[in-house]
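See structure below.
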Amino acid sequence: MVLSKGFEIEMYTGTPQGDIIGLSDKITAALDGFMREPDSRNVEYVTAPFYDYERLLCGLLCPRLKLRKYLQKLGNYTLIPGSTLSLGGSEKFFRSNPNNPYHEYIENTYGTKVVTASVHINVGISDPEVLMRACRVIRLEAPLYLALSASSPFLDGKATGYHSTRWGLFPQTPSSVPLFESHAHHIRWTQEQLAQGTMQNVRHLWTSVRPNGDRRPYDLNRLELRICDLVTDPIALLAITALLEVRLLQVINNPDLDPLVKSSFSPEELVAITAQNEANCASHSLDADLIHWVDGRTLKAAEWINELYEPAASFAKQQGFGCFISPLQKILREGNQAQKWLQLHRLGVSSRNVISQAIDSIRERELELEDKLCSTLLA
């Protein structure tokens with residue numbers, strides 16, 4: 001058994017030197033499949049849901065390659081890695097659609113704290129009660145996915161002290177979100193938030209994990225993991241996704257894998273513990289000290305991921321996608337994007353040079369993957 005998987009990818013556009021420039025109005029007018037964000041400096045594309053990782057890889061790469069070609073037509077523009085305005089620009093919001101009232105609300109309420117680039121991972125689960133249980137488990141383990149994906153240590157040219165400045169500053173909304181005990185609980189709570197104005201619409205639930213579907217909160221068919229920083233290396237992103245998929249399959253196959261059953265903490269205590277774990281991972285990613293939701297023991301994020309990895313890798317191998325989860329070991333061994341960038345920065349490399357080197361590296365990586373894989377699959 002495997003699950004359907006798809007991505008929402010937000011990326012910055014700008015110059016090869018790392019300066020971020022808003023081009024989303026031109027991109028969305030010229031290219032199908034790209035959508036505006038409230039600020040014009042990043043643009044979003046969404047992959048179709050796929051069951052197999054080879055097609056998912058092409059779903060990630062092909063729109064990006066198309067976008068790169070279009071950016072070259074506009075001028076010497078490229079895609080910028082990272083999840084924050086790394087080299088500058090956080091003092092001003094650049095509205096992509098001045099006539100959109102929801103965008104106006106976002107700018108006035110949150111400012112540039114929401115001008116970030118990230119990846120949302122959607123995994124299909126059709127049974128709403130199983131989906132709610134999956135959301136409970138993954139919400140408590142979401143800090144692990146932040147730890148693997150952290151890629152925003154800079155803001156306005158300076159190291160901020162975070163590995164994920166994006167998640168450290170991002171305004172999670174509403175400020176208090178419970179563990180949903182059932183689909184009915186989720187519906188009732190959402191209706192209350194809309195009535196109180198703490199949510200402007202059903203999309204205005206900005207938390208690490210949320211149930212998603214075509215008619216929220218009633219018709220739901222997928223889990224959306226929203227905590228990840230932008231992972232520009234497609235192979236690394238697929239490895240993170242494979243870990244998530246295995247964990248969800250374990251939840252589906254084991255009804256007792258549920259914080260409401262297995263944890264020694266109350267739901268309220270679990271929410272508080274998870275908030276602290278998220279904050280610790282935003283600051284220290286794989287080196288963060290975390291509290292385990294089952295028994296309260298303290299361990300490093302990397303240690304927790306390693307505990308999940310061995311059974312996950314065995315399960316993934318049985319299901320035919322073991323090769324896609326194995327690159328997690330490289331992330332654990334060499335560090336995530338933020339850790340690599342900060343290591344260069346500590347050696348005296350400027351934040352601008354760190355970002356410009358990363359721009360070159362990810363372009364070369366995409367071309368390498370296109371040559372090796374996509375041409376065969378799309379033939």
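Assorted remarks:
- Stretching ASP25 away from ASP127 to a fully extended chain increases their span by 32.9 nm, per 0.36 nm per residue minus the current alpha-carbon distance.
- Rolled with a 1.4 Å probe across the full set of protein chains, the surface gives LEU332 an accessible area near 40 Å².
- Paramagnetic reach from LYS372 (point 7 Å along Cα→Cβ, amide N under 19 Å) across segment 64-85: 64-65
- Solvent-accessible area of SER361, all protein chains in place: 70 Å² (probe radius 1.4 Å, heavy atoms, ligands and nucleic acids excluded).
- Above 16 Å, the calculated P(r) of segment 227-331 contains 64 percent of its Cα-Cα pairs.
- Computed FRET value (nearest 0.05) for VAL271 with ASP214, which takes r as the C-beta separation and R₀ as 25 Å: 0.35
- Between ALA279 and GLN191, the modelled labels are 3.4 nm apart [label points 7 Å from Cα along Cα→Cβ].
- Amide hydrogen proximity for MET199: with H placed 1.01 Å from N in the peptide plane, the residues at 5 or more positions away or on another chain lying under 5 Å are LEU194.
- Residue-normalised accessible area of segment 13-77, given per residue in Å² at a 1.4 Å probe: 44 Å²
- Relative contact order for segment 146-230, counting Cα pairs under 8 Å that sit 6 or more residues apart, in percent: 30 percent
- Net charge of Cβ neighbours under 12 Å - reference SER90; Lys, Arg +1; Asp, Glu -1: +2
- 3J(HN,Hα) along segment 85-93, derived from phi through the Karplus expression 6.51 cos²θ - 1.76 cosθ + 1.60 where θ = phi - 60°, amounts to 6, 4, 10, x, x, 7, 7, 9, 9 Hz, with x in place of Gly and Pro.
- For segment 161-245, the solvent-accessible area of protein heavy atoms averages 34 Å² per residue (probe radius 1.4 Å; ligands and nucleic acids excluded).
- The order of ASP287, ASP25, ASP258 by accessible area, most exposed first and with a 1.4 Å probe, is ASP287, ASP25, ASP258.
- Put simply, the amide H of ILE21, placed in the peptide plane, has neighbours under 5 Å in THR13, GLY14, THR15, leaving out anything fewer than 5 places away on its chain.
- From phi via Karplus (6.51, -1.76, 1.60), per-residue ³J(HN,Hα) for segment 239-245 in Hz, x at Gly/Pro: 5, 5, 5, 5, 4, 4, 4
- Backbone HN-Hα couplings from phi across segment 56-63 [Karplus 6.51/-1.76/1.60, Hz, Gly and Pro as x]: 5, 4, 5, x, 6, 7, 4, x
- Neighbours of VAL209, meaning other residues whose beta-carbon lies under 13 angstrom from its beta-carbon, give a summed charge of +4 when Lys and Arg score +1 and Asp and Glu score -1.
- Distance (nanometres) between label positions extended 7 Å along Cα→Cβ at ASN108 and LEU260: 3.8 nm
- Mean shadow area of the chain over all directions, Cα convex hull, nm²: 17.8 nm²
- The mean sequence distance of close C-alpha pairs (under 8 Å, at least 6 residues apart), as a share of the length of the chain, puts its relative contact order at 21 percent.
- Under-5 Å amide H pairs with THR84, H placed in peptide plane, nonlocal only: ALA117
- Taking 0.36 nm per residue of separation and subtracting the current Cα-Cα distance, fully stretching the chain between THR298 and ASP156 would add 47.7 nm.
- Length added when fully stretched, GLN319-GLU91, from 0.36 nm per residue minus Cα-Cα: 77.3 nm
- Among the protein heavy atoms of the chain, carbon and sulfur supply 49% of the accessible surface, probe 1.4 Å, non-protein parts ignored.
The values are calculated or read from the model by the stated rules, or taken from the named source; none is laboratory data. Quantities reported herein were computed from a predicted structural model and do not represent experimental measurements. Don't worry about glycine lacking a Cβ; one is built from the backbone with ideal geometry, like all the others, and counts go over all protein chains shown. For accessibility, only protein heavy atoms count, side chains too; no ligands or nucleic acids. Shrake-Rupley method; radii C 1.70, N 1.55, O 1.52, S 1.80 Å.
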